[in-house]
Each structure stands twice: as structure tokens, then as C-alpha cells.
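**Student:** Structure provided below as C-alpha cells; questions to follow.
The values are calculated or read from the model by the stated rules, or taken from the named source; none is laboratory data. Just so we're clear, the structure is a prediction, and the values are computed from it rather than from any experiment. Don't worry about glycine lacking a Cβ; one is built from the backbone with ideal geometry, like all the others, and counts go over all protein chains shown. All accessible areas refer to the heavy atoms of the entire protein, side chains included, with ligands and DNA or RNA removed. Shrake-Rupley method; radii C 1.70, N 1.55, O 1.52, S 1.80 Å.
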Amino acid sequence: PEDTVTGSFASFISAARPEHLSQTVRQRSKRMILDSIGVGLVGSTTRVFDIALRYCRELYSSLAVSSVYGKPGLKLSPTLAAFTNGVATHSMDFDDTWHPATHPSGAVLPALLAASQMLPPNTKPNGLDFLLAFNVGLEVQGRLMHFSTEAHDIPKRFHPPSVVGTLGSAAAAAKLLSLSSAQCCHALGIAASLAGAPMANAATQAKPLHVGNAARLGLEAALLAARGMEANPLILDDIPGCSGFGAFYSVYQPKALPAPGQQHEFLLEKQDVAFKRFPAHLGMHWVVDAALSVRNLFINYAGSFSPSLIRSITLKIPVSKYINRPFPSSEHQARHSFQFNACAALLDGEVGLGSFSESSIQRQELRDLLGKVVVEHPEDNVANFDKMYGEVALLLHTGDVLTGKCDTFYGHWRKPLSKESLLKKFRSNASHVLPEEKIEAIITLVDNLENLSDSSQL
């Protein structure tokens with residue numbers, strides 16, 4: 001019934017129309033689409049992507065109609081293309097991040113790209129349909145994250161895109177496939193049974209699978225619902241004694257989703273996303289900016305950066321166990337290490353793709369700096385992407401102390417990347433696998449997505 005929380009979500013998915021998207025929502029979501037494609041393209045050069053792709057090519061080959069990032073001419077079945085492209089998107093932890101915390105685009109965009117190629121020629125969704133489905137997937141993720149105060153903090157139990165992303169992918173695919181309200185309801189219920197991944201696999205090669213599975217399994221949920229599979233129609237409601245989606249939270253207070261129209265405002269209208277300038281966990285961006293700030297002070301103080309003048313390095317960071325890694329030994333650990341990212345920024349004056357190579361991680365001068373790090377957790381520095389800060393203080397052998405602090409890095413939703421910066425990032429990422437003319441063609445397609453007659457061209 002439509003007076004339930006789950007029913008309201010299903011009705012929203014079914015009833016949403018392109019005219020419900022404001023100009024702000026359209027522009028912000030197109031920025032997300034472009035950035036996510038670029039991140040996926042550069043991610044297709046990673047080892048974890050190669051493992052996932054080889055697995056799919058060896059085990060599955062039927063209905064190979066959907067394209068794979070960075071592999072011209074290669075196609076997979078739609079769900080496996082969604083999976084491999086989702087893995088590529090999160091393979092470097094370079095994808096966008098929202099608040100409450102999740103990676104929204106990587107869970108949705110690969111599913112829509114794959115599904116748009118799957119549909120017969122006379123039923124291909126146009127660009128505006130594609131953009132609407134993408135925003136439906138974002139909206140469902142955002143609303144689900146607001147059902148619990150736990151979601152506002154850096155996660156401890158499960159990786160959010162593996163949960164809300166799976167349902168967001170199902171909602172987006174259901175919209176693109178024009179499922180009925182009842183089928184949308186079942187798609188959400190099926191997706192809930194396919195969702196979830198523990199945080200213990202953060203900083204390993206398994207973490208990108210969380211986003212790949214969200215894209216794949218959400219699409220599968222929608223396809224199963226389209227073929228008549230049913231699930232609990234109250235999956236999002238709080239039913240005492242029988243946990244649905246609330247099983248993922250200890251505090252769960254679901255609210256109905258208003259019908260699209262004049263009384264509804266998309267969350268993306270109110271809350272932009274963060275775009276990363278370098279491929280690492282979002283929390284790293286605060287300490288890197290703080291480290292770069294204090295590095296400039298050091299150079300003004302001493303004339304050049306000389307690690308031998310430093311007695312100790314104090315990091316003031318939030319309490320978050322899985323990103324507090326004193327001596328990371330792999331690229332995935334390094335991407336999730338406050339200590340590594342602060343020291344790499346101090347030593348090199350930047351953090352980029354090359355910072356996470358094995359040779360960079362194992363440098364003796366970097367290991368020496370890591371040995372000088374002391375971590376503090378001030379009570380006012382909470383593990384929340386909207387409230388946290390990063391502070392880096394250098395105690396010199398002279399007794400002087402130099403301090404850099406960042407409470408809003410460039411790329412945060414409070415300090416968005418300029419159009420020029422976003423395009424520079426996209427061009428740089430895409431150039432690893434595509435020639436210049438194709439890179440510019442993608443930029444043009446995304447910029448004019450509303451006017452695209454066939455979204456599968458993307």
C-alpha cells in the first residue's frame with residue numbers, strides 16, 4: 001500500500017519526471033557523471049580491475065552487449081559490465097563522496113550505462129530519461145542514509161555504498177526500465193537481500209567489489225522484479241520483530257518519501273557532493289591540505305623543506321580505526337592512511353596517482369617521516385565529513401612549532417571544484433586510456449545530455 005514508507009519510495013520512483021529536476025540538480029548530477037566516467041576510465045588501468053574483468057570474461061559470456069571502461073571493442077553481459085565498471089570506479093578510491101557518507105555515482109552510473117545498451121533499439125532511453133534515472137538513484141540513496149543518525153558519521157560496521165548503493169542502483173535501473181510502482185517496490189525488496197559488506201575489507205582489493213556489486217546487484221534486482229519476482233513490500237518500514245532495511249542500523253527511523261513535484265526538493269539540490277583531487281579516502285583530503293599549508297610555512301621558515309629539521313609530526317584527526325594506519329604496506333592501505341597522506345604531502349608537495357605506487361610507499365625518506373608521526377584525537381574533531389578537520393603540527397629541533405589546519409578542503413561540497421578543475425581532472429584521468437578526440441566527445445555528450453536522443457551513445 002502507498003501509505004507505507006516502502007510504498008512511498010516505490011511511488012516516487014515510478015512517478016518522477018524530467019521536469020521535476022531543477023537546473024541546479026541537472027548541473028550537479030552531470031558534473032558527477034563526467035567525473036565518475038573519468039575515474040572509471042583511469043580505474044580500468046588497475047590490478048583489481050584486471051582481476052575482476054578476467055573473472056567475468058572466463059566465467060560468463062552470454063548476452064555480451066554492454067561496454068567496459070578502458071577496453072574498446074570488449075563487451076560483457078549487462079550485469080557483469082555494471083560490476084566491472086563499478087570496480088573500476090572505486091578501484092583507486094577516486095570517486096565522489098556524499099554526506100551522509102557514501103559513494104553515490106559509482107553504485108548507479110555503471111548500472112545505467114549497461115542497461116541503456118541492453119534495451120532494444122526502439123526502446124532506448126534518451127539522455128533526459130538517463131539523467132532522471134540517475135537522480136532517482138541518488139535520491140533513494142540519500143533518503144535511506146537519513147533514516148539513521150549513525151549514517152552521518154564515518155562508518156564503522158558496513159560500507160555504505162554496498163547497502164544504500166545497491167538499493168539506489170535498483171531504483172535507478174527500475175526507473176530506466178519503466179517498471180510499475182509495484183515492481184519498483186519489489187526491486188527495492190530484492191536489492192535489500194543482496195546488500196551489505198563489512199568495513200573490515202576497507203583498504204584491501206576487496207573494497208572496490210562493494211561498489212561493483214552495488215551496481216551489478218541493483219541492476220539484477222530490477223531485472224528480476226521486471227520478470228515477476230516479488231519481495232516484502234514493507235522492506236523499508238520499521239516493523240517490530242521483523243527487521244527489513246533497518247537490520248543495517250541500530251537506530252532506524254524511516255520516513256515516507258514525498259511525491260515528486262512542487263512539494264518535493266531533491267537532496268542534491270540542498271547537498272552537493274565532494275569531488276576528490278587525488279585518489280584516496282575522503283578523510284585524507286583534510287590532512288593533505290593541512291600538510292601542504294604547514295609545508296609552505298616550513299619553506300618560508302627554513303628556505304627549503306628539510307625533514308632532518310623535524311623532531312615530530314603531530315596529526316590531529318578524528319577517531320576512525322580503519323583510516324588510522326601508521327605504516328601502510330600496500331597501495332590500498334596507503335589510500336586509507338592519515339599518516340601516509342600527510343607525510344607524502346610534506347615530502348613531495350603534492351599527492352597524486354604516483355604517490356601510491358609501491359616504490360613511492362617504500363621510500364626510506366617517507367618511512368623516516370612516518371616514524372616521527374604522533375596522532376591525537378581532539379574531542380571537537382568528530383568523525384563526520386561535514387564537521388571534521390585536519391591539523392598537522394611540526395615540532396622542529398629548534399623548539400619552534402609550525403601548524404597547518406584545514407576544515408574545508410578544495411573539492412568539498414562547501415568549497416566545490418570549479419568547472420575548470422573538474423574538466424582538468426576528467427581529461428587527466430581519461431587520457432590514460434582514450435585519445436583526445438574521444439575525451440572531448442564525452443565532455444560534449446555529458447554537457448548536452450538532456451538533448452541526447454539515445455543515451456546508449458554515452
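**Student:** Looking at 265, 230, which one is under 28 Å from the mean Cα position of the chain (by Cα) and either open to solvent by 30 Å² or more (accessible area, probe 1.4 Å) or not assigned by the TED database to the domain that holds residue 196 (or both)?
**Tutor:** Matching residue, one of 265, 230: 265.
**Student:** Look through the range 198-227, keep the residues that are small (Gly, Ala, Ser) and within 16 Å of the chain's Cα centre (by Cα), and return whichever of them is surrounded by the most Cβ atoms within 10 Å (Cβ to Cβ).
**Tutor:** Per the stated criteria, the residue is 214.
**Student:** Can you list the helices (runs of 4 or more DSSP H) lying wholly within the range 237-355 that have 3 or more residues being of a type in the set (A, V, I, L, M, F, W, C), modelled with pLDDT of 95 or more and closer than 23 Å to residue 374 by Cβ?
**Tutor:** Ranges flagged: 284-302, 338-348.
**Student:** Select, from 312, 304, the only residue that is farther than 29 Å from residue 152 by Cβ, assigned by the TED database to the domain that holds residue 366 and open to solvent by 50 Å² or more (accessible area, probe 1.4 Å).
**Tutor:** Matching residue, one of 312, 304: 304.
**Student:** For the range 315-337: of the residues being hydrophobic (A, V, I, L, M, F, W, C) and out of contact with any His (no Cβ under 9 Å at 6 or more places or on another chain), which is surrounded by the most Cβ atoms within 10 Å (Cβ to Cβ)?
**Tutor:** So the residue we want is 334.
**Student:** Within the range 413-458, restricting attention to residues that are open to solvent by 90 Å² or more (accessible area, probe 1.4 Å) and within 15 Å of residue 26 (Cβ to Cβ), which residue is farthest from the chain's Cα centre (by Cα)?
**Tutor:** Step by step, filter the range 413-458, then rank; the result is 451.
**Student:** Related question: Any residue in the range 102-121 that is without any contact (Cβ under 8 Å) to a residue 12 or more places away in the chain and either surrounded by fewer than 23 Cβ atoms within 10 Å (Cβ to Cβ) or assigned to a helix (DSSP H, G or I) (or both)?
**Tutor:** Among the residues of the range 102-121, at least one is without any contact (Cβ under 8 Å) to a residue 12 or more places away in the chain and either surrounded by fewer than 23 Cβ atoms within 10 Å (Cβ to Cβ) or assigned to a helix (DSSP H, G or I) (or both), which makes the answer yes.
**Student:** Where the second residue is open to solvent by 30 Å² or more (accessible area, probe 1.4 Å) and in a helix (DSSP H, G or I) and the first is closer than 23 Å to residue 46 by Cα and lies in the range 345-357, which pairs have Cβ atoms under 8 Å and are six or more apart or on separate chains?
**Tutor:** So the pair list comes out as 345/292; 345/295; 350/292; 355/348; 356/331; 357/331.
**Student:** While we're on this one: In contact with a Pro (Cβ under 6 Å, 6 or more places away or on another chain) and either open to solvent by less than 40 Å² (accessible area, probe 1.4 Å) or assigned to a helix (DSSP H, G or I) (or both): does that describe residue 183?
**Tutor:** No.
**Student:** Give the range 248-262 a look and list any residue that's under 22 Å from residue 152 (Cα atoms) and open to solvent by 60 Å² or more (accessible area, probe 1.4 Å), or say none.
**Tutor:** 250, 251, 253, 255, 256
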